C-alpha cells in the first residue's frame, strides 16, 4: 500500500513551498520453520515490496516512493516506511527556478519500533529551467544513507 499527500503554498509571485509526505506499508507473512516450529518472517519478492529513491514515482519499480536522498538509484524499504520532504522553490527571470530541499526517511519492521529505527535525513539544492523539451534540472544532495550525489535530467516534470 502506498499513499501520498502533496501540496503547494505560494507566497507572492516568486516563492512556493512544496510539502510532501509518502507512506508505504506491506505485510510480511510469517511461516512456521519446519526445523524448530518457530514463526519466522517470510520476505517477499522485490516486485511486491515498497522501494524508495529517485525523483519520479514508479521510475524504477511499481511501488516506489520518490525521494531525492536516493536520487541516483533505489533501495527496498522495510515493511513500514515514511518519507517527508519540504521544498522551497524560488522563480526568477521567468523560467528559472532554484529549489532548496530537506527531507527525512524512516522505515521499520514493526509499528512499535517505528520512531526508534533509523532516520535518514537529506538536504539538497537544485537549479531548473523550463525549456521546449521540458525542464532541465541539475541538483546536488547529501543524504545520511547515500552520502553526496549529483543529478541531472531533461524532461519529465518539476
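Each reported figure results from applying straightforward, stated rules to the coordinates on display, with no laboratory input. Bear in mind that the values here come from a model prediction, so they are computed numbers and not experimental data. Here Cβ is always computed from backbone atoms with ideal geometry, including for glycine, and neighbour counts include all displayed protein chains.
I need the peptides 77-86, 114-123, 100-109, 61-70 ranked by packing, meaning the mean over residues of other C-beta atoms within 10 angstrom, with the highest value on top.
Top of the packing list down: 61-70, 77-86, 100-109, 114-123.
Compute the Cα gyration tensor for region 58-151, then decide on rounded, prolate or oblate, letting a ≥ b ≥ c be the square roots of its eigenvalues: rounded whenever a/c is under 1.5, prolate when a/b is larger than b/c in the other cases, and oblate in all that remain.
Cα axes put region 58-151 in the prolate bin.
Testing the spin-label approximation: label points 7 Å from Cα along Cα→Cβ at residue 140 and residue 11. State their distance in nm.
Taking the simple label geometry, residue 140 and residue 11 are separated by 2.4 nm.
Length gain on complete extension for the stretch residue 95 to residue 132, per 0.36 nm per residue less the alpha carbon to alpha carbon distance?
Extra length from residue 95 to residue 132 when fully extended: 12.2 nm.
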